[in-house]
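Read through the structure below, which is laid out as structure tokens, and then see the notes.
The values are calculated or read from the model by the stated rules, or taken from the named source; none is laboratory data. Since the model is a prediction, treat every value here as computed from it, not as a measurement. Neighbour counts are summed over all protein chains in view; Cβ atoms, including those assigned to glycine, are modelled from backbone coordinates with ideal geometry.
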Amino acid sequence: MKSIESKELIMAMDELEKERGINKEYLLESLETALVTAYKKNFDSAENVKVTIDDKTGDIKVLSLKKVVENVDNDMLEISLEEARKEDKNVNLGDTIELEIIPRDFGRIAAQTAKQVIVQKIREAERNMVYTEYNDRKGEIVSGIVQKSDGGTVVLDLGKLEGIMLVKDQIPTETYRVNDKVRAYVLNVEKGAKGAPQVLVSRSHPDFVRKLFEFEIPEIYEGLIEIKSVARDAGSRSKVAVYSTNENIDPVGSCVGQKGIRIQNIINELKGEKIDVIEWNEDPAIFISAALLPAQVMAVDIKQEEKFAQVIVHDDQLSLAIGKSGQNARLAAKLTNWKIDIKSESQFRELLEKQNEELEQEEN
């Protein structure tokens with residue numbers, strides 16, 4: 001059957017394989033399957049048929065598959081041995097024979113079906129390419145324009161597809177307006193209900209801060225300074241622990257920049273979120289003390305196995321060490337991955353006195 005412009009079809013498939021990477025064999029199989037469905041629908045047929053397309057010439061054959069039987073009960077699905085041997089002398093009972101049929105006007109139906117299948121497969125290929133592109137960008141920062149913002153999920157136009165920012169991934173103190181340009185961190189890429197990829201993005205994730213540091217601090221991007229950990233209350237405060245093996249590099253100073261210009265660029269992106277940059281230390285006592293800045297720590301007692309630290313501060317430093325609603329202590333614990341208990345000097349003395357009294361009573 002050549003009314004579908006067979007050569008043009010094969011040429012089109014060859015071109016799609018070359019330019020868009022859509023496998024020709026996959027296209028042919030998809031088209032053959034679609035043509036079987038089209039045949040049964042348009043000819044209201046209960047026949048068992050298959051369609052083949054020659055991958056060189058593009059010629060289409062419609063074949064009726066019939067089982068060879070002694071007595072025919074259903075001539076749509078069966079053929080007698082006598083009739084079958086007119087087509088193939090070697091056929092036997094129980095075999096399946098393929099008989100070519102030439103349905104009327106099927107060339108027009110085939111042409112329409114081929115066009116639909118190719119358009120569909122091109123769309124699928126484009127979606128897969130976009131999915132792969134953005135899947136490779138997981139963990140990066142992308143820019144988009146706010147398309148939808150109604151107090152719930154924010155939808156960003158990322159160019160080729162949409163970015164979805166759920167409420168939990170938004171900074172609580174920010175308001176997003178339609179047409180605002182927004183930068184966000186790519187959390188994940190998922191395939192939606194219709195196969196179209198969706199990019200899940202976040203501005204509240206701690207790694208958004210980590211990536212902003214990589215953008216603004218060349219020494220981090222080049223690997224001269226390492227970000228060891230990030231703890232964050234999005235919209236309020238972040239603590240970032242940095243470290244350098246190079247003794248000539250001040251990791252905290254490099255991140256803050258001259259007159260604070262480097263860190264200010266990050267604060268501006270986060271709409272005023274406070275950022276504490278802390279030097280990481282392999283000694284947990286020193287690291288925990290630094291993590292509790294701006295409070296000044298008197299002493300740290302470490303219980304290594306339990307990863308528990310008892311911290312003592314001057315009386316006037318207690319509220320600063322704990323922070324508003326416990327924020328400073330909570331972020332320090334997240335940053336260091338240690339349980340931290342903070343007591344003032346007076347509280348610690350009272351505790352020691354009480355313990356001493358209990359010991360004396362036991363001895364007596």
Query raised in the report: On the given criteria, is SER254 out of contact with any His (no Cβ under 6 Å at 6 or more places or on another chain), hydroxyl-bearing (Ser, Thr, Tyr) and in contact (Cβ under 8 Å) with a residue 40 or more places away in the chain?
Result: no
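Within the bounds of segment 26-44, is there any residue that is farther than 16 Å from THR113 by Cα and buried (at least 16 other Cβ atoms within 10 Å of the Cβ)? Quick ask: steps written out before the conclusion?
Step one: list which residues in segment 26-44 are farther than 16 Å from THR113 by Cα, which gives 44.
Now drop any that are not buried (at least 16 other Cβ atoms within 10 Å of the Cβ), which leaves none.
The answer is no, given that none of the residues of segment 26-44 is farther than 16 Å from THR113 by Cα and buried (at least 16 other Cβ atoms within 10 Å of the Cβ).
Sort through ALA12, ALA38 and tell me the only one that's at pLDDT 80 or above, closer than 16 Å to ARG123 by Cα and among the small types (Gly, Ala, Ser).
Numbers: ALA38 fails: closer than 16 Å to ARG123 by Cα.
Exactly one residue qualifies, and that residue is ALA12.
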Report summary line: If we ask which residues in segment 82-117 are over 19 Å from VAL49 (Cβ atoms) and more than 50 Å from the chain's Cα centre (by Cα), their number turns out to be 8
Report task. Report yes if LEU270 is within 27 Å of VAL209 (Cβ to Cβ) and surrounded by fewer than 20 Cβ atoms within 10 Å (Cβ to Cβ), otherwise no. Result -> no
Query raised in the report: Which one of these is aliphatic (A, V, I, L, M) and closer than 27 Å to ILE217 by Cβ: ILE312, ILE302, ILE267, ILE322?
Result: ILE267
Query raised in the report: Name the pairs whose Cβ atoms lie under 7 Å apart, with the first residue in segment 344-360 and within 21 Å of GLN296 (Cα to Cα) and not assigned by TED's automatic domain parsing to the domain that holds GLY323, the second modelled with pLDDT of 75 or more and part of a helix (DSSP H, G or I), and 6 or more positions between them or separate chains?
Result: none
Report summary line: ARG85: passes all of (1) touching a helix residue (DSSP H, G or I) at 6+ places or on another chain (Cβ under 7 Å); (2) surrounded by fewer than 16 Cβ atoms within 10 Å (Cβ to Cβ) but (1)
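Name the single residue that is nearest to ALA332 (Cα to Cα) among those in segment 258-289 being of a type in the set (D, E, K, R) and part of a strand (DSSP E or B).
Pass one, segment 258-289, residues of a type in the set (D, E, K, R): 259, 262, 269, 271, 273-274, 276, 279, 282-283.
Filter once more, keeping what is part of a strand (DSSP E or B): 274, 276, 279.
Values: LYS274: 14, ASP276: 10, GLU279: 13 Å.
Ranking the candidates gives ASP276 first.
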Query raised in the report: Under the condition of being among the small types (Gly, Ala, Ser) and touching a helix residue (DSSP H, G or I) at 6+ places or on another chain (Cβ under 8 Å), which residue from segment 300-332 is surrounded by the most Cβ atoms within 10 Å (Cβ to Cβ)?
Result: ALA332
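With the requirement that a residue be acidic (Asp, Glu) and loosely packed, with under 13 Cβ neighbours inside 10 Å, what does segment 94-139 give you? Give the steps one after another, and end with the answer.
Applying the first criterion (acidic (Asp, Glu)) to segment 94-139 yields 95, 98, 100, 105, 124, 126, 133, 136.
Residues satisfying the conditions are GLU100, ASP105, ASP136.
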Report task. Would you mind finding the one in GLU222, GLU247, GLU226 that is exposed (fewer than 15 other Cβ atoms within 10 Å of the Cβ) and at pLDDT 95 or above? Result -> GLU226
Query raised in the report: Just checking, how many residues over segment 206-218 are more than 16 Å from ALA184 (Cβ to Cβ) and surrounded by fewer than 18 Cβ atoms within 10 Å (Cβ to Cβ)?
Result: 1
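Any residue that is among the basic types (Lys, Arg), buried (at least 20 other Cβ atoms within 10 Å of the Cβ) and assigned to a loop (DSSP other than H, G, I, E, B) - is there at least one of those in segment 165-181? Walk me through how you get there before you give the answer.
We begin by selecting, within segment 165-181, every residue among the basic types (Lys, Arg); these are 168, 177, 181.
Narrowing further to those that are buried (at least 20 other Cβ atoms within 10 Å of the Cβ): none.
Checking segment 165-181: not a single residue is among the basic types (Lys, Arg), buried (at least 20 other Cβ atoms within 10 Å of the Cβ) and assigned to a loop (DSSP other than H, G, I, E, B).
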Query - Count of residues meeting criterion [in a loop (DSSP other than H, G, I, E, B) and more than 11 Å from ALA184 (Cα to Cα)] in segment 140-159 - result: 5
Query raised in the report: Between residues in segment 94-109 that are in the same structural domain as MET76 (by TED's automatic domain parsing) and residues that are of a type in the set (D, E, K, R), which pairs lie under 6 Å by C-beta distance while being six or more apart or on different chains?
Result: THR96/LYS67; ILE97/LYS66; GLU100/LYS61
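Between ALA291, ALA231, ALA241, which is hydrophobic (A, V, I, L, M, F, W, C), under 28 Å from GLU345 (Cβ atoms) and without any contact (Cβ under 8 Å) to a residue 60 or more places away in the chain?
Details: ALA231 fails: without any contact (Cβ under 8 Å) to a residue 60 or more places away in the chain; ALA241 fails: without any contact (Cβ under 8 Å) to a residue 60 or more places away in the chain.
Result of the check over ALA291, ALA231, ALA241: ALA291.
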